[in-house]
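Please read the structure below before turning to the comments.
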Amino acid sequence: MRKFLGRIVARQNTRQFSEQLRVVKLLLYAELKSEHESYFGLELGSILAAQIVNYLSGEDLDESYASADEFNRSQIRRIKDQIVPRAERKMFHDQILRETIVYTHRMKNVLMYATHGDAYLQSSEKRRSEAFLFKYGVEFPREVTPKMYAQIVAHFVEAKQAFLSSRSS
């Protein structure tokens with residue numbers, strides 16, 4: 001019974017986390033697109049922003065490249081060498097983003113382990129996540145909980161909405 005209830009709670013928290021992550025990714029994409037389209041143009045700036053968001057959220061860039069249509073693959077090839085350096089520069093200059101990304105990876109690790117068990121510990125997704133935590137996690141040492149993650153996301157949303165509002169005025 002306890003194991004069953006644990007899985008139900010994990011599923012509920014996973015749904016909530018997915019919704020929160022979607023909001024974080026959308027706001028981050030909007031901010032990055034705004035920053036990069038003046039230099040790269042609307043289309044390339046949008047693709048670069050999307051790839052940076054994918055990278056920071058721990059997605060496999062090679063997998064997303066492989067699943068893109070030929071036109072988007074050609075566009076990604078044009079900016080591929082910019083993705084990681086620009087993501088790292090953004091992380092360096094944006095403390096709220098660093099905190100949000102660190103706790104996003106921590107929350108993802110907890111939920112993925114709760115739903116997939118030991119198999120997750122050997123996954124490439126876990127290794128990508130651990131790379132972020134190794135590099136940035138020491139700055140934010142608290143243990144993550146769903147309640148605390150919700151507060152971090154709310155703070156991120158507040159900061160990014162204010163930024164985006166000031167850019168559109």
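The values are calculated or read from the model by the stated rules, or taken from the named source; none is laboratory data. The structure displayed is predicted, hence computed values, not measured ones. In this analysis, Cβ positions are derived from the backbone assuming ideal geometry, glycine residues included, and neighbour counts consider all displayed protein chains.
Taking the range 109-124 as the range and being among the small types (Gly, Ala, Ser), touching a residue at least 24 places away in the same chain (Cβ under 8 Å) and surrounded by 12 or more Cβ atoms within 10 Å (Cβ to Cβ) as the test, only Ala114 passes.
Of all the listed residues (Gln51, Gln95), the sole one being under 30 Å from Glu143 (Cα atoms), within 19 Å of the chain's Cα centre (by Cα), surrounded by 13 or more Cβ atoms within 10 Å (Cβ to Cβ) and at pLDDT 95 or above is Gln51. Taken over the range 14-31, the criterion of being touching a residue at least 12 places away in the same chain (Cβ under 8 Å) and either within 18 Å of Arg106 (Cβ to Cβ) or touching a Gly at 6+ places or on another chain (Cβ under 8 Å) (or both) is satisfied by Thr14, Gln16, Phe17, Gln20, Leu21, Val23, Val24, Lys25, Leu28. Whenever a residue of the range 46-61 is within 14 Å of Lys108 (Cα to Cα), its partners that are acidic (Asp, Glu), lying with C-beta atoms within less than 7 angstrom and at least six residues away or across chains, give the pairs Gly58/Glu125. Contact map, the range 149-162: first residue closer than 11 Å to Leu27 by Cα, second residue assigned to a helix (DSSP H, G or I) and of a type in the set (D, E, K, R), Cβ cut-off under 7 Å, separation 6 or more or different chains; pairs are Lys160/Glu31. If you filter the range 143-154 down to residues that are in a helix (DSSP H, G or I) and loosely packed, with under 13 Cβ neighbours inside 10 Å, you find that the one that is modelled with the lowest pLDDT is Lys147.
One line per residue, one yes/no per condition, for (1) exposed (fewer than 11 other Cβ atoms within 10 Å of the Cβ); (2) within 21 Å of His155 (Cα to Cα); (3) modelled with pLDDT under 90; (4) in contact with a Leu (Cβ under 9 Å, 6 or more places away or on another chain):
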residue	(1), (2), (3), (4)
Lys3	yes, no, yes, no
Gln20	no, yes, no, no
Leu26	no, yes, no, no
Ala30	no, yes, no, yes
Ser34	no, yes, no, yes
Glu37	no, no, no, yes
Gly45	no, no, no, yes
Tyr55	no, no, no, yes
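Report yes if some residue within the range 132-142 is closer than 14 Å to Phe17 by Cβ and either in a helix (DSSP H, G or I) or not small (Gly, Ala, Ser) (or both); otherwise report no. Looking through the range 132-142, none of the residues is closer than 14 Å to Phe17 by Cβ and either in a helix (DSSP H, G or I) or not small (Gly, Ala, Ser) (or both). Only one of Tyr55, Tyr39 is more than 19 Å from Glu19 (Cα to Cα) and either out of contact with any Asp or Glu (no Cβ under 8 Å at 6 or more places or on another chain) or among the aliphatic types (A, V, I, L, M) (or both); which? From the options Tyr55, Tyr39, the qualifying one is Tyr39.
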